[in-house]
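Heads up, the thing below is written out as structure tokens.
The values are calculated or read from the model by the stated rules, or taken from the named source; none is laboratory data. Fair warning: this is a prediction, and the values are worked out from it, not measured in the lab. Glycine gets a Cβ as well: all are built from the backbone with ideal geometry, and neighbour counts include every protein chain shown. Protein only, heavy atoms only, side chains kept; ligands, DNA and RNA dropped before computing areas. Shrake-Rupley method; radii C 1.70, N 1.55, O 1.52, S 1.80 Å.
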Amino acid sequence: METIAYKCINCGGPLQYDPAKLKFACEYCRSDFTENELKAHYGDLDQKLSEQSQPEPEQSANNSDDFSMNAALYVCENCGAEIIADKTTAATFCVYCHSPVVISNRLAGAFKPNMVIPFKISEEDAKNKFKDFISRKWFLPKDFVSGAQLDYMKGVYYPYWLIDSLKDGGIEAAAKRIRHWTEGDYRYTETKTYKVIRRGRINFKGFPFSALKDTEHHKALKYVNPYKDSEFRPFTMSYLSGFLAEKRDIERKDAQSDVDNELKEYAKKIYLDSVQGYDSVSLKNIDLRTKKEAWKYAMMPVWFMNYKYNGKDYIYAMNGQTGKTFGELPVSGGKLAAFGVGLLIVLFLVILLGGYFLL
Amino acid sequence: MNKIKFAKISVILMTVISIMVFSSVVYAEGINDTPDVNTNEPAYSTSASSKHEEKNMGRIILTAAGISIVVTAISVFMIWNSYKTNGQTEPYPYDEKAPLELTASDDILVDTHVERERINRDGPPRDEPHPGGPPPSHR
């Protein structure tokens, strides 16, 4: 078993998870099904993935270019066409029949995610939110706001490590309390310097760390967080049907030092926040040890759009659960320049007239 | 408050402040520069006052241009910057998700330093009541 295409139990058409209905919908016969109904029909495919100790060997593309050497060939279950997928793709669409395909082989064994947050924002809502987002942005290039651009928005499940980490340690800081008073002809300033020590345990819960090496999207994948923990569900492949998905390419051992560094930075803020009642606090020393740690592998939903303007790539990302957005927007130089000139002239005239009549 | 709103409010505030500052500066300089008027001078002798008006107008134009350029440059930069970093808020709400359980807490006074500064040389020394803290100790 390498790929799975979930099909409608009634008519055999492709099934996709519908965030608006929170069910699996067939766009042909308009039927929809719950997760339990699919499991009853297909059997527990996810259990079979867990039982697989390692993924089956993949058939690689035969060309020698860089992409092909990291790509693999799969066969579409719906039409029999060959699908080329790069090394991290876990769910995609057949380029011929456009059926959603889950590459189950890439989610097997140790690569089976523990949890998933299903998409809560539908494609239509994502596009509407994006239109609201850009509606008041006067300095965007004209073609950025076109309908054609919105068609490039894709729903993608991205892999994250979620870390629960119990840390023990403390900080040493120098804090100052400053007091002023006046007596007679003199103003007095008293500065008291304290050595401040705080020790304690910090229990980090669900710290997210992107498990994809793709540095281009790394910032977007960081700042679309946070997700709401309450909506995590045990992973099932059927949620990926109708969306793109990426599998992780950063293992725990490779991510450990970056995670430790990020948690240390948060620990500094947390310990320093506990130092209250001073005018200034500066950190001198921190020590931190890990008492207990648990890593989970999760798939999180993101609506993603890439846009090219003046030869530069711009990324827009929306949290597929909460709607939080992150993106670098292109600025139309012409519009900004026109605004600048207009503002300059108006300000100049206003200040000139104001100064003239106030004299 | 989002960054675009912040940029708009900043522009309005800076414009108002600029007008106030500019007007006060020019007005103050106008007072200093006002020449003594000799009431015995004939009424048709206006060369000194017309030169003063040109000098003042020149100063007004220069100041207006300077303030406009500065405000415009800051506004344009703020708008450009807001487009570049849209949505870059805290990704991990550590105050909710990472509670701290303090096991030890110590604040040790290591130094006390008092400085005094004379503030009023004119007139007799004022006798202000002490705010009620410990008497100052000089190092």
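Summary table below
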quantity	calculated
Label-reachable residues, the stretch A:228-246, where backbone N falls under 17 Å from a point 7 Å from A:Lys129's Cα toward its Cβ	A:228-232, A:243-244
Peptide A:260-272 - average C-beta neighbours from other chains (10 Å radius)	2
Inter-chain shielding of B:78-86 (mean C-beta neighbours from other protein chains, 10 Å cut-off)	5
Whole-Å semi-axes of the ellipsoid equivalent to the stretch A:241-314 (Cα gyration tensor, √5λ, descending)	36, 22, 13
Inter-chain Cβ neighbour average for residues A:327-337, partner chain, 10 Å	3
At q = 0.15, 0.20 Å⁻¹, base-10 log of I(q)/I(0) for the stretch A:106-199 (Debye sum, equal scatterers on each alpha carbon)	-0.83, -1.09
Computed label-point distance, nm, for sites A:Asp164 and A:Gln256 using a 7 Å Cα→Cβ extension	2.0
Sequence-distant residues sharing a close amide H with A:Val75 (under 5 Å, placed H)	A:Ile83
Normalised per residue, the volume of the convex hull around the Cα set of the stretch A:203-269 (Å³)	136
Chain A: mean projected area of Cα convex hull, nm²	29.0
Most mobile listed residue (A:Ile178, A:Ile163, A:Ile250) in chain A, GNM with C-alpha springs under 10 Å	A:Ile178
R0 of 30 Å, Cβ-Cβ distance B:Met57-B:Ile12: FRET efficiency to nearest 0.05	0.65
Under 5 Å, built H, 5+ apart or other chain: amide partners of A:Gly206	A:Ile163, A:Asp164, A:Ser165
Phi-based couplings in Hz for the stretch A:303-310 (Karplus 6.51, -1.76, 1.60; Gly and Pro marked x)	8, 10, 9, 9, 9, 9, 9, 6
Mean ellipticity per residue at 222 nm, deg cm²/dmol - from DSSP H runs of n ≥ 4 across chain A, formula -39500 (n - 2.57)	-7500 deg cm²/dmol
GNM flexibility winner over chain A from A:Phe348, A:Phe232, A:Phe144 (Cα, springs under 10 Å)	A:Phe348
Residue pairs, from the table A:Lys21/A:Lys308; A:Lys21/A:Lys87; A:Lys87/A:Lys222; A:Lys39/A:Lys112, whose Cα atoms sit over 25 Å apart	A:Lys21/A:Lys308; A:Lys21/A:Lys87
Equivalent ellipsoid semi-axes, the stretch A:148-205, via Cα gyration tensor eigenvalues times 5, rooted, Å	52, 26, 6
Kyte-Doolittle at least -1.0, axis length at least 15 Å by Cα - qualifying DSSP helices, chain A	A:333-358
Contact order relative to length of chain A, as percent, for alpha carbon pairs under 8 angstrom and 6 or more apart	22
P(r), alpha carbons of the stretch A:176-289 - 10 Å bins starting at zero, rounded %	9, 27, 25, 16, 12, 7, 3, 1
Interface size B-A, as summed buried accessible area [1.4 Å probe, Å², nearest 100]	6500
Choice from A:Leu221, A:Leu329, A:Leu272 with maximal GNM fluctuation in chain A (Cα, 10 Å cutoff)	A:Leu272
Fraction of accessible area attributable to carbon and sulfur, chain A (%, probe 1.4 Å)	50
Cα-based equivalent ellipsoid of the stretch A:270-359: semi-axis lengths in Å, sorted from largest, via gyration tensor	46, 32, 12
Under-5 Å amide H pairs with A:Lys120, H placed in peptide plane, nonlocal only	A:Gln321
For peptides A:13-23, A:74-84, sequence by mean Cβ density within 10 Å, most packed first	A:13-23, A:74-84
